[in-house]
Amino acid sequence: MTRMVVCWALAAIAASRVLSQTVTTAPVFEVATIKPDVSTDAESGSFEHGHLVIRGAPLRHLISSAYDMRIDLVQGGPPWIDKTRFAVEAKTTEAVSQATSRLMLRALLAERFTLVVHNEEKATPVLVLKVGKRGAKLQTASTDAARPRGCFSTSGILCHGVTMRTLADALRRLATGIDTPVVDETGILGAYDLMLDFSPPNPPDRQDSASSQPNEPIKATIFSALQEQLGLELQKAIRPIGVLVVDHVEPLTPGN
């Protein structure tokens, strides 16, 4: 019996050591400062050679970056996490991957703001991206490796080498008039080069002035552009969406 107790105790000690090692080896920045930033309303950021610099970012945006979650899917928290902007400067002794830098930013936010979050799924109103009745009209991605991949805002939306999931995310980020998550349910695999030419909706106070210019060509809305130019459509639906919930956060302590 004594031997069994000793073996159990040794196993518990070994497990605690493993847990301790896991905690102590979590990646952290060597040097880091966070302070309120009243110098600008424009948000910017860069991460090169282990040096992270962020300017003018509300805390919700920092959380979004740290957890690789869209800003609109970071929920909860007091009003100030959307209003107060921060400047962040942090360094590592050597270059690390973007994934590791996100873990470091998580640890930094937990330390400086006592941030506690959790993941959950919520039934959420969304727009579902589907193939239209006449079928999709898509151009297979170019093999030009020098071409930057992703979606960019132009007079509409220009995408190079993107999946339908990337397009769905871009519609939420770049298309004025879409204020809910967009979920890809096209079932289409592969990468494509895409161009959407559309006009953002006019504010109410500009409706009359816009309609008083009959010679100006009328562009499609994002919804009709998807149908006419790509053979895709957006439909309203309710889907379970993964969100990040802010459970606890405290204001930044001076001197951090």
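The values are calculated or read from the model by the stated rules, or taken from the named source; none is laboratory data. Computed from a predicted structure; not experimentally measured. Here the Cβ is made from the backbone with ideal geometry for all residues, glycine too, and neighbour counts use every protein chain on show.
Considering only residues that are more than 18 Å from the chain's Cα centre (by Cα), assigned to a helix (DSSP H, G or I) and of a type in the set (Lys, Arg), which ones fall in the range 106-143?
Matches in the range 106-143: 112 only.
Pick from the range 174-191 the residues that are among the hydrophobic types (A, V, I, L, M, F, W, C) and within 19 Å of residue 73 (Cβ to Cβ): which of them is surrounded by the fewest Cβ atoms within 10 Å (Cβ to Cβ)?
Residues of the range 174-191 that are among the hydrophobic types (A, V, I, L, M, F, W, C), as a first pass: 174-175, 178, 182-183, 188-189, 191.
After this cut, where a residue has to be within 19 Å of residue 73 (Cβ to Cβ) as well, the list is 174-175, 178, 182-183.
Working: 174: 18, 175: 22, 178: 15, 182: 20, 183: 20.
The residue in question is 178.
Scan the range 42-74 residue by residue and report those that are basic (Lys, Arg) and surrounded by 18 or more Cβ atoms within 10 Å (Cβ to Cβ).
60
Of all the helices (runs of 4 or more DSSP H) wholly in the range 1-91, which have at least 1 residues that are modelled with pLDDT of 75 or more and under 30 Å from residue 122 (Cα atoms)?
Result: 59-66, 80-83.
Quick check, is residue 103 touching a residue at least 24 places away in the same chain (Cβ under 8 Å), assigned to a helix (DSSP H, G or I), in contact with a Cys (Cβ under 9 Å, 6 or more places away or on another chain) and surrounded by 12 or more Cβ atoms within 10 Å (Cβ to Cβ)?
For residue 103, the condition - touching a residue at least 24 places away in the same chain (Cβ under 8 Å), assigned to a helix (DSSP H, G or I), in contact with a Cys (Cβ under 9 Å, 6 or more places away or on another chain) and surrounded by 12 or more Cβ atoms within 10 Å (Cβ to Cβ) - is not met.
Pairs only if they're at least six apart or on different chains, beta carbon under 8 angstrom, first in the range 75-95 and free of Cβ contacts under 8 Å to residues at least 24 places away in the same chain and closer than 15 Å to residue 64 by Cβ, second hydroxyl-bearing (Ser, Thr, Tyr) and loosely packed, with under 15 Cβ neighbours inside 10 Å; list them, first residue then second.
Final answer for the pair search is none.
So, in the range 140-174, how many residues would count as being free of Cβ contacts under 8 Å to residues at least 24 places away in the same chain and of a type in the set (A, V, I, L, M)?
4
Scan the range 170-206 residue by residue and report those that are of a type outside the set (A, V, I, L, M, F, W, C), touching an Asp or Glu at 6+ places or on another chain (Cβ under 9 Å) and modelled with pLDDT of 90 or more.
Result: 184, single match.
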